[in-house]
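Worksheet: the structure to be examined is printed underneath.
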Ligand code: HEM
Ligand code: HEM
């Protein structure tokens, strides 16, 4: 149930873009009163525009992940704790993003923005933990190497140059009608 590579890359790209634009906006916001204040204000506005675009794409991706990733692994009881943390974190980011637009008072908006930023900064570490734990649970569930890996043939040049050792093919099992097999059966 490995994610299709487009969806996997999309997830990583969107998390990286959201984090980078969010962090650069924070820097720009701190520097807006400096000498180059105008430049930083323009940078900040552009970062927020990109952030909003990435956020919309993130919503599409999370929607696609529900039938393609979440429901299957949830039923299979795999990586549930960090998976639930991923769902909770994404939900918190979406709810606080909504609050950034519609919070009624300045105090509430400041609180909502602080929560959004704190959860947002924690997101990359959570994603990394989720992926590491998820892959570990996959290895535990299926300790056999993937079939592509089993059938792998190293390029001859690599073997000759000593960079890779040749794949060891397991000896074939004795057929049941051999003398050995017959003795074992008695
Ligand atoms: C918004 C929610 C979620 C997001 C964005 C997400 C994202 C991801 C990504 C990007 C990967 C790496 C996939 C790969 O390398 O092919 C992954 C792996 C994994 N996730 Fe999630 N996930 C979410 C929720 C969940 C939930 C709820 C569960 C389980 C109940 C779960 C279980 C797993 C497992 C088992 C793996 C390892 C799969 C493998 O070995 O390739 N995830 N997740
Ligand atoms: C699913 C994930 C996320 C969604 C849906 C989301 C959405 C949004 C939205 C809609 C805004 C308001 C933009 C505007 O005012 O034009 C915003 C602001 C912001 N976001 Fe995110 N975001 C997400 C993840 C992140 C992450 C990972 C960070 C990392 C630092 C982050 C940091 C920020 C910051 C610093 C602001 C500006 C806050 C302010 O105006 O006071 N966000 N976000």
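Here, each number is a calculation from the coordinates, and none is a lab measurement. Just so it is clear, the model here is predicted, and its values are computed rather than measured. Cβ placement follows ideal geometry from the backbone for every residue including glycine, while neighbour counts extend to all protein chains displayed.
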Inset, instruction - Provide 130, 116 in ascending order of the number of other Cβ atoms located within 10 Å of each residue's Cβ, fewest first. - result: 130, 116
Inset, instruction - Determine the distance separating the Cα centre of segment 74-137 from the Cα centre of segment 31-60; give it in Å without decimals. - result: 21 Å
Inset, instruction - Measure off 7 Å from each Cα along the Cα-to-Cβ vector at residue 98 and residue 20, then give the distance between these two points in nanometres to one decimal. - result: 3.0 nm
Legend entry - Extension gain (nm, one decimal) between residue 2 and residue 80, 0.36 nm per residue minus Cα-Cα: 26.5 nm
Inset, instruction - For segment 5-147, state what percent of all Cα-Cα pairs lands in each successive 5 Å bin, counting from 0 Å until the bin that includes the largest distance. - result: 2, 9, 15, 20, 18, 13, 9, 6, 4, 2, 1, 1, 0
Inset, instruction - Kindly state, to the nearest 0.05, the FRET efficiency for residue 107 paired with residue 57, given R0 = 25 Å and r defined as their beta-carbon distance. - result: 0.20
Inset, instruction - State the percent of C-alpha pairs, over all pairs in segment 1-72, separated by a distance greater than 17 angstrom. - result: 51 percent
Inset, instruction - Any chance you could run the full-extension gain for residue 46 through residue 66? It's 0.36 nm times the residue separation minus the Cα-Cα distance, nm to one decimal. - result: 4.1 nm
Inset, instruction - Note the full-extension length gain between residue 12 and residue 135 as 0.36 nm times their separation in residues minus their Cα-Cα distance, in nm to one decimal. - result: 42.7 nm
